[in-house]
Amino acid sequence: MSVSGCTTVSNAPGSASFPNYKEASEPLVTSLDEKAEYELMLDLAVMEIKQRRYERAEGLLQKLRKINHQDIEVYRMLAKVYEGQEKRHLALLAWRQIIQMPNHSVEDEGEYARMALAEDQFTLAEAVYQQWLQSDSLVRRVSALNNLGFSRLLQKDFASAKSYFNQALQLDPLNSKALNNLILVDALTEK
């Protein structure tokens, strides 16, 4: 009986795509320094997250956090792990840690606010968005107004939500998110 579609592997020297270590000029590394070990653990955590093996990733990240409690990337990955495990309250705590670090980004603030909204912590989210209103960036101010409107929509404060969406559209009349959110508010209030 013949099986089609199968591949065969040749054991002939040089036929595999793996490097031939007998010919390699550098010796095979048999130990890692602390920095290389840390980076390997980070890479393993990334792999575990991609494979959705969150418990394994969490264990690695907790060890990494003990080694270097200032590594913001460890906290970002830990927040993703907690969210993947549906432990949103822990994800929110991780994002809170992140935004307290001096090297956090606007994206980190947005993730913190998003998680706060998911946990019905509207005051926390709105504090971030209110801060964004002071930005020189038009895009950030429009995003802040749209997000403030969405927060109010979640709280069923439709008049405030509509006001925020209209303010966003005054700054950016073609903003599709604010426009769609305004249509949603109108549909919800017509009932």
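The values are calculated or read from the model by the stated rules, or taken from the named source; none is laboratory data. These figures come from a predicted structure and were not determined experimentally. Here Cβ is always computed from backbone atoms with ideal geometry, including for glycine, and neighbour counts include all displayed protein chains. These accessible areas exclude ligands, DNA and RNA; they are computed on the full protein's heavy atoms, side chains included. Shrake-Rupley method; radii C 1.70, N 1.55, O 1.52, S 1.80 Å.
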Response to the item:
Among the residues of the range 44-67, the number that are open to solvent by less than 100 Å² (accessible area, probe 1.4 Å) and without any contact (Cβ under 8 Å) to a residue 24 or more places away in the chain is 9
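Matching residues to (1) open to solvent by 50 Å² or more (accessible area, probe 1.4 Å); (2) over 26 Å from Glu83 (Cβ atoms); (3) out of contact with any helix residue (DSSP H, G or I) (no Cβ under 6 Å at 6 or more places or on another chain); (4) touching a residue at least 40 places away in the same chain (Cβ under 8 Å):
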residue	(1), (2), (3), (4)
Glu119	yes, no, no, no
Phe122	no, no, no, no
Leu154	yes, no, yes, no
Ala159	yes, yes, yes, no
Gln170	yes, yes, yes, no
Item to complete: Kindly indicate the residue of the range 172-191 that is within 17 Å of Ala113 (Cβ to Cβ) and either of a type outside the set (Lys, Arg) or not in a helix (DSSP H, G or I) (or both) and also least open to solvent (accessible area, probe 1.4 Å) among those meeting that condition.
Response: Ala178
Item to complete: For Gln134, state whether it is outside any helix (DSSP H, G or I) and exposed (fewer than 13 other Cβ atoms within 10 Å of the Cβ).
Response: yes
Worksheet, complete the sentence: Over the range 55-83, the set of residues in contact with a Lys or Arg (Cβ under 9 Å, 6 or more places away or on another chain) and more than 21 Å from Pro102 (Cβ to Cβ) is Ala57, Val81, Tyr82
Worksheet item: assigned to a helix (DSSP H, G or I), of a type in the set (A, V, I, L, M, F, W, C) and at pLDDT below 95, is that true of Met77?
Response: no
